[in-house]
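The structure appears below as structure tokens.
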Amino acid sequence: MDFNLASPKSWVQTASCLSRYRDQRARLSSRFQSPTTPAVRMLAYLFVSGEDFVPIRQPNSPYYYVYRGFSNTASATMVAEALANKGWLERNFFDRYYKCDGCQSHRLTVREECPTCQSPQLSEADLIHHYSCAQLSPEAGFRRGTALICPKCSQQLRHYGKDYDKPGHVQLCGRCSNTTSEPSIGFLCQDCGMHVGGDAVSISDVFSYSLSHQANILLANDSEDANRFPIAQMRYLPEELQRRITELASLSGPAADFMLVEVQYGSREQVLKARGEINLISMRKLLADNLQGVLGDVASVYSSPEREYVLFPGRDVAGFTAYLREALDHAESVLSDKLNPTLLVLWGTREDALP
């Protein structure tokens, strides 16, 4: 709030803001009163502020946006994405930027370039078509002072429509003199100077975030509802896995505790590029089958179009994570290419319900 001593209206607005803050903070669960991690701090901040986590356009930032209350945009984005992946925040598309792969800046200049030398020094030139010898080239090639002389047959062109016409125009490069009718699109980073072609530039989607229903329950009280698996996250899981989680969540006592781990593939894009999608799918299926064979009845493996999930109905989170890592290494050992699987814990036991 901007408090103006000379404006009574601002007094009322400030008092109202402080009152809302006081009321929201009074509703905040005791577990969040003193945040100990960036994720917990972000959740508490959003709950107490009563506002969504919305990017603010900021030209001075290399990302062109900032998040209010968090000075480090990159760190804030990483925390928000991690919370969204766990179901505590819900994403809403805000904008799309082009990103420098060198320094991650969004301050890229887009320009038309010469496809030969990548220079943006292009100028438009009229084309001249000489009827008698079929010469077609930029007007500068014909121009000899005030006269037009064909560079191919040396005949002077006198009458437009009879000797020649101008069927169009091209872009002429001032650096290498190359001509083109279709300039390339290129990007130049204004922070580090890195150049990238338009067909290879990376896209960075930016989101705003809002607290999920599960997060509001978690933040507002200490009830048992806070320990239930986030409903918003269920829609991303395979149907069979959704049914199993629903069954476990409906139980009471130790049987209601379970652990859900997402298996991600660090070499997915490299394998996809080198071996193709069919081979990648076959490798994933073989890994999933091998992993289930190693795990046996200890845990269950489920597959979606993009990744695998492991459901462990038990409490020993730390012990199971280490065991699963070994099982993954064993399952991957028979593959022709390495997928480099990594583990992301989506849900742990009740003691690990906090982000």
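The values are calculated or read from the model by the stated rules, or taken from the named source; none is laboratory data. The model shown is predicted, which means the values in this text are computed figures rather than measured ones. Don't worry about glycine lacking a Cβ; one is built from the backbone with ideal geometry, like all the others, and counts go over all protein chains shown. Ligands, DNA and RNA are excluded from the accessible area calculation, which covers all protein heavy atoms including side chains. Shrake-Rupley method; radii C 1.70, N 1.55, O 1.52, S 1.80 Å.
Annotations for the structure displayed:
- Angle of helix 38-49 to the longest C-alpha principal axis of the chain, folded into 0 to 90 degrees and rounded to 10: 90°.
- Across the range 269-349 the C-alpha pair distances fall into 5 Å bins from zero in the proportions 3, 14, 27, 25, 16, 9, 4, 2, 0 percent.
- Remark: the Val298-Lys152 segment gains 44.4 nm on full extension, using 0.36 nm per residue and subtracting the alpha carbon distance.
- Global form of the chain, assessed from the alpha-carbon gyration tensor, a/c cut-off 1.5: oblate
- Length-normalised contact order for the chain - Cα pairs under 8 Å, 6+ apart - percent: 16
- Only protein atoms count toward the accessible area here, which uses a 1.4 Å probe; on the chain, the carbon and sulfur part of that area reaches 51 percent.
- Added length on full extension, which subtracts the Cα-Cα distance from 0.36 nm per residue, Arg243 to Leu136: 31.6 nm
- Label point distance in nm, Ala26-Lys166, each placed 7 Å from Cα along Cα→Cβ: 7.8
- Multiplying the residue separation of Asn340 and Gln121 by 0.36 nm and removing their Cα-Cα distance gives an extension gain of 74.4 nm.
- Ordering of 182-192, 159-169, 54-64 by packing [mean C-beta count within 10 Å, highest first]: 182-192, 54-64, 159-169
- Between the range 293-316 and the range 1-45, the C-alpha centres lie 42 angstrom from each other.
- For the Cα trace of the range 86-226, dividing Rg by the Kirkwood Rh returns an Rg/Rh value of 1.39.
- The chain, dipole about Cα centre (Lys/Arg Cβ +1, Asp/Glu Cβ -1), debye to the nearest 20: 1080
- Span from the the range 322-348 Cα centroid across to the the range 102-152 one, whole angstrom: 55
- With a Cα cut-off of under 30 Å and a minimum spacing of 8 residues unless on different chains, the lysine pairs in the chain number 11.
- Among Tyr21, Tyr164, Phe53 the positive-end extreme of the charge dipole of the chain (Cβ point charges): Tyr164
- The chain: angle of helix 73-85 to the longest principal axis, Cα-based, in degrees nearest 10: 60
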